[in-house]
Structures are given as C-alpha cells and as structure tokens.
Amino acid sequence: MERTQELFEKIEGYLAKTLSKEELLAFEKEMETNSELIHEVEKQRELHHVLSDTDTLNFKEKLQKISAEVKQERSVSNTKISQFSYWKIVASIIVILGIGTLLWNNINKTDDFSELYAFYYEPYPLEDVTRGDTANELSEIMKNYTQGNYEKVISELTKTTSLVASEQFTLYLGNSYLNIGKEQEALLQFKKISDTSKYYEDAIWYSALTYLKLGEIKKSSELLTVIIQYDGIYKEKAVQLMEKFKEL
Amino acid sequence: MSDLEDRKILEGIAAGDTAVIKTFYENNFNYIRSYILQNSGEEEDAEDVFQDALIVIYQKLKSDTLDINVSVLTYFYAICKNKWRTRLRKKRKLIIDNEVVVINEEVEASIAEEIENNEREDVYRRYFLTLSGTCREVLNLVFAGKNMKEIAGITGYSEGYTRKKKFECKKTLLEKIEKDPMYQELKLTSEKQ
C-alpha cells in the first residue's frame, strides 16, 4: 500500500477519534475489505502507544549517552592498562624463570607447601576497571597493587567501602592480605564472593592457595576438588596441585 | 549485594539518576558483554540488550509491578540473558552457552514471556532516537496528542510544513523499523499467534 500524507491523516484521525461520522463509516468500510489497511492502522496504533511514553524514551536516551561515556572512558583506560600489561608480562616472565629455576634445583629435595604455594601463586591480575568519578583514586590503588605496595592497597580499599562492594576489588583486597601474611583476613575476603558470582572460581582458587600456604592441605584439597568440578580456567592447575599433594 | 545497595540501585533507576546508572553500567556491562560476545553477538547487541533490560526494570518500577525475590543483579542478568536468547532464537542462530554460572532458572522462566512482548517496543524506541531533531520534536508532539495547529504554534513552523514534516518523519520511521530483521521476525511471530 502506498503511504501518502492523506492516508496517514485518515489513520491518525481514526486513532484520535476525530473523524466525522461519514468519514469514520467510510474508513471502517474500507478496512473491512483491505487487510493491508488494517495492518497499517495497527502498526501506527502501536507506534503511537509506545512512543507516547516519553519517560521511557528519555530513559533510553539517557542510557545511550551513559553507554557512550562508559565506552569512551574504557578505551582511554585500556590504553593505560596495556602499558601496565607490558610490565606485567615482563615481571611474570622474570618470576616464572626465577621460580622455574628454583623448582628445578629443588625438585628432588624438598617439595613442601611453601614452595608449591610460591610456584602456583600469582597475584590476581588487574582487570579492566574504570569508574569515572574515582578514576584517580583507582589508578593509585592499581599502581600500588602492581608495585606490590599491598599495605597501601589495603588501607585505601578498606577506606573506600564503595570499591570493596565490587567483587573484583574484594579479590584485590584478599590478595593484598595474603601478600602481607594476613591469611585469615584474606580468607574472609574470598569467602565474601558468592557462588553465583563470575569471580567465584577466582575466589575458590585463592582460598585453596591460602590454605596451602597455611599448610592446611585437607581444606585446600576440598576447594581444589570444587575447582576441578567447576571445570573452568583453574582446573588444570588444580589437577596438578592435587597430584603434587599426593606426592607429599 | 546487600538489600540496602539493591534498594539504592532500584531507586536510582526509577529516578533516572545518572550517577547510579553509570556505576551500575560500569560494574556490570563487561559481564553481559562477554556473555553476548561468547554467544554469537556483537558489541552493539550487548549495548542494546543491556539498555533494554534496564528499561524493563525501569518500566516495572514506574508501574509498581516489580516483584522480585532475588537480588537485583540476579534478576537483571536473567533479563539480559533471556533477551539475548530471544533475539538469537529470532535470528535462528544456535546458542552455545558456555556459561558455567547458571542464573536462577525459575526467574528466567517467569520473565521470558514478558521479554517476548516488549521486544517490539525496543525496536520502535531505538529507531525513533535515530531520527533528526526536527522529526523527533514534531513526532513527540503528535504522539502527545497535539493537533497540527498546536504543533505549529509550539514549533513556529507553518501548519502546512508541520503537516508535511509529520508525514515524512513518520514514513521514514516506519520504513526504518520495517527494515530491521528483528522487527520482521517479531511481526511474523505475532501474526502467527
């Protein structure tokens, strides 16, 4: 059906109930024989209905703006993170080489808990986290975390409760405690992460490592079993660790 | 997440509080984004789904029909996932869900039907917001029930120009909407019912 200004005005008049009696009768008669017209009327009725809700429309527009802002801030932050990542990779290679050599030298001598812990433990890596209003504060915490200034991270994170509400930061906080020898506090943080969280597997893995560090192998094994069943990114490491436990 | 935080989020959404919504966006978008990218979606799909799911909550809060017995996040994730599954189904693509964390199935089932219903509304709003400023101004007044004379008085355009503009804008909008593959699929589905 060709869409004309005249047709639209008739449909609008019909929907707004402003057609004269004669016009209405003629229009209804036409609809009886013209299914395309019925469709067009229904389409416009729905269009008017949905778009007259200006609150929702304004809300959608606001969301689009927020989305664009977040996207822009994320791309700026990614540039910063990639600089971090370079040093993270370099640092990791040095650590892996160092620990690898250490393990090579000691593999047939002692294979105790702390060595296993040192071999498997890596601080929870920084993820892409951005919050416009707390950007400075956040980059300071991230800097301290990468530099291993865990005391500072703890003092900042415990001061800023809104950040600790984010599960990602709960992991950073837990890792920081773990690195300054406050294992029980670390466990408390990891336990805060619920089993429906996307960080659940991370939390269980770090809890298992914390128990390993404490020499509580039974508890550590139980958690490693959970990880193996979870079948996620830590599964392979968990299987290896369980094997090592058997050798002890 | 505590009840208090949930309440803050819900109040912020209902009030359209930019700061609250932005924080919610920053904290949760990556999760939904990875879910959608892992399941045959694009960046743009993730944005649409995320926004449209927030609209579901917004509208429910406005009409005072939000009745949830799970956390806001559980509920929100369930809406997002359901929306994406619905869209994928429409696109007749296979969903490969590698997600290990299973969201409350009961919640998902209860919202699945509603989601199907408001999918078409999302399409209308999305394309309306792509129209020019003039078109949006004129059509907003049309949808608010103003007649040509009133619209001409508000906008300062002549009545003849307003009439012509209204027709052109509406025609463009309908054509844009009809070209959307999702709209065609939704239309077919509703016609079959």
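Brief remarks follow.
- Selection from the range A:170-186 of residues that are part of a helix (DSSP H, G or I) and free of Cβ contacts under 8 Å to residues at least 24 places away in the same chain: A:Leu173, A:Gln184, A:Glu185
- Options B:Gln51, B:Gln59, B:Gln38: the member that is more than 10 Å from chain A (Cβ to nearest Cβ) and of a type in the set (S, T, N, Q): B:Gln38
- Residue that is farthest from the other protein chains (Cβ to nearest Cβ), among those in the range B:1-19 that are closer than 18 Å to B:Cys80 by Cβ and aliphatic (A, V, I, L, M): B:Leu10
- Of the numbered criteria (1) crowded, with 19+ Cβ neighbours inside 10 Å; (2) assigned to a helix (DSSP H, G or I), the one A:Ile193 fails is (2).
- The selection criterion, being within 15 Å of A:Ile66 (Cβ to Cβ), at pLDDT below 95, of a type outside the set (D, E, K, R) and assigned by TED's automatic domain parsing to the domain that holds B:Ile79, does not hold for B:Asn69.
- Just one of the listed residues (A:Ala203, A:Ala238) is crowded, with 23+ Cβ neighbours inside 10 Å, away from chain B (no Cβ under 12 Å), modelled with pLDDT of 90 or more and closer than 21 Å to A:Leu126 by Cα, and it is A:Ala203.
- Tallying residues that are among the basic types (Lys, Arg) and outside any helix (DSSP H, G or I) within the range B:51-73 yields 0.
The values are calculated or read from the model by the stated rules, or taken from the named source; none is laboratory data. On a predicted model such as this, the values are computed, not experimentally measured, just so you know. Please note: Cβ atoms are built from the backbone with ideal geometry, for glycine as well, and neighbour counts cover all protein chains shown.
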